[in-house]
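J.: Please find one structure pasted underneath; my questions will follow.
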Amino acid sequence: MDVYGIIGWPVAHSLSPAMHNAAFKALGQEAVYGKFPVAPERLSAAVEGLRALGIKGVSVTIPHKEAVRSLLQDIHQEAQEIGAVNTILNDNGRLVGFNTDWQGALRALEEQISLKGKEAVVLGAGGAARAVVYALKKAGALVCIYNRTFTKAQELALTFGAKAFAWEALSEARGHILINTTSVGLKEDRSPAPAQILSRFQVVMDIVYTPLETRLLREAKAQGCKTISGLKMLVYQAVEQFYLWRGLRPEARLLEEAALAALTKEERHAEQRN
Ligand code: ATR
């Protein structure tokens with residue numbers, strides 16, 4: 001039985017175990033995926049533990065995506081350029097880092113709109129923004145980054161060849177695609193963008209997936225935009241992760257259903273606690 005898992009802090013609410021275990025089962029794989037909560041000061045020991053225990057691969061989530069890089073033997077070029085690793089493959093004791101987040105973002109967007117030559121407005125300049133901006137640039141889009149802390153928008157824009165704008169200028173923003181990569185709207189009914197600008201965009205994507213329909217997406221839909229939920233990026237990055245580990249691509253629908261079922265179960269438990 002091959003063992004996989006997720007390292008992060010916290011990982012209790014991760015949907016990755018549900019997705020990967022469903023895929024292992026459906027594709028007849030002798031493998032299991034668990035949750036490994038790893039506090040930041042234990043990261044190095046945990047990574048050594050992967051090698052010692054022969055764990056075949058892990059997903060890496062907040063807050064380890066950047067720090068884990070220095071603990072690996074090799075880092076795939078795309079992960080190097082993004083500056084973050086979300087997937088580790090244990091290749092006979094050699095730990096190799098990859099990034100599949102950008103692939104998740106790319107597929108989620110490209111199934112709604114062709115990106116080449118399109119203008120994309122990205123809200124936020126944190127870790128998640130890096131993978132999204134990388135995907136957009138790779139697909140040939142023109143990218144404008146708006147961030148509350150302007151200097152961070154400038155740094156990101158410089159790294160990837162995008163333009164930086166002040167958060168206050170968001171009311172003037174326009175383009176084909178708007179993507180939220182900030183945490184605004186996560187478990188709260190708040191939108192990062194003024195509703196009146198949304199009709200200027202064809203497609204609006206949120207990387208937040210709790211709730212599944214954020215206020216941003218609800219308001220965008222009401223303005224006639226196509227909307228993409230954060231769950232799509234999560235599912236598609238997991239498909240690529242699975243492929244790196246097992247050499248097979250599971251059906252995205254299978255993973256999505258497993259993630260949705262886990263989310264619903266989570267919500268029911270939360271209601272019982274309240
Ligand atoms: P992640 O890795 O999930 O992207 P992060 O690196 O902490 O997390 O980035 C969070 C992003 O959300 C940042 O762009 C942050 O803006 P700042 O750079 O100004 O901190 C943005 N963000 C968080 N809360 C916000 C808020 N209330 N309004 C606007 N932007 C916010």
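The values are calculated or read from the model by the stated rules, or taken from the named source; none is laboratory data. Small disclaimer: the values here were computed from a predicted structure and weren't measured. With ideal geometry, Cβ positions are generated from the backbone for all residues, glycine too; neighbour counts draw on all protein chains shown. Please note that ligands, DNA and RNA were not included when accessible areas were found on the heavy atoms of the full protein model with its side chains. Shrake-Rupley method; radii C 1.70, N 1.55, O 1.52, S 1.80 Å.
J.: Can you find even one residue in the range 230-244 that is open to solvent by 10 Å² or more (accessible area, probe 1.4 Å) and among the small types (Gly, Ala, Ser)?
T.: no
J.: Moving to a separate point now. I need the full set of residues from the range 117-134 which are of a type in the set (Gly, Ala, Ser), more than 11 Å from the ligand (Cβ to nearest atom) and either assigned to a helix (DSSP H, G or I) or surrounded by fewer than 24 Cβ atoms within 10 Å (Cβ to Cβ) (or both), in order please.
T.: Gly117
J.: Within the range 104-116, work out how many residues are part of a helix (DSSP H, G or I) and of a type in the set (Ser, Thr, Tyr).
T.: Counting residues in the range 104-116 that are part of a helix (DSSP H, G or I) and of a type in the set (Ser, Thr, Tyr) gives 0.
J.: Applying the selection to the range 141-158, what residues are open to solvent by 30 Å² or more (accessible area, probe 1.4 Å) and out of contact with any Phe, Trp or Tyr (no Cβ under 9 Å at 6 or more places or on another chain)?
T.: Leu142, Thr151, Lys152, Gln154, Glu155, Leu158
J.: While we're on this one: So, restricting to strands (runs of 3 or more DSSP E) that lie completely within the range 159-270, which ones have at least 3 residues that are more than 17 Å from Gln112 (Cα to Cα)?
T.: 163-166
Conditions (1) on the phi > 0 side of the Ramachandran plot; (2) open to solvent by 70 Å² or more (accessible area, probe 1.4 Å); (3) aromatic (Phe, Trp, Tyr); (4) outside the structural domain of Val122 (by TED's automatic domain parsing), marked per residue:
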residue: Ala166; (1), (2), (3), (4): no, no, no, no
residue: Leu170; (1), (2), (3), (4): no, no, no, no
residue: Thr181; (1), (2), (3), (4): no, no, no, no
residue: Lys187; (1), (2), (3), (4): yes, yes, no, no
residue: Val203; (1), (2), (3), (4): no, no, no, no
residue: Val208; (1), (2), (3), (4): no, no, no, no
residue: Gly224; (1), (2), (3), (4): yes, no, no, no
residue: Gly247; (1), (2), (3), (4): yes, no, no, yes
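J.: Of all residues in the range 29-87, which are touching a Phe, Trp or Tyr at 6+ places or on another chain (Cβ under 7 Å), without any contact (Cβ under 8 Å) to a residue 24 or more places away in the chain and away from the ligand (no atom under 16 Å from the Cβ)?
T.: His76
J.: Going by the structure shown, is Lys137 over 19 Å from the mean Cα position of the chain (by Cα), outside any strand (DSSP E or B) and of a type in the set (Lys, Arg)? It would help to see each step written out before you state the result.
T.: Working: over 19 Å from the mean Cα position of the chain (by Cα): no; outside any strand (DSSP E or B): yes; of a type in the set (Lys, Arg): yes.
So Lys137 does not fit the description; no.
J.: May I pose another question? Can you find a residue in the range 199-218 that is within 16 Å of the ligand (Cβ to nearest atom), at pLDDT 95 or above and farther than 24 Å from Thr264 by Cβ?
T.: Scanning the range 199-218 turns up no residue that is within 16 Å of the ligand (Cβ to nearest atom), at pLDDT 95 or above and farther than 24 Å from Thr264 by Cβ.
J.: Just to be sure before I move on: is Ala153 within 11 Å of the ligand (Cβ to nearest atom) and in a helix (DSSP H, G or I) in the structure I sent?
T.: When the stated conditions are applied, Ala153 passes them.
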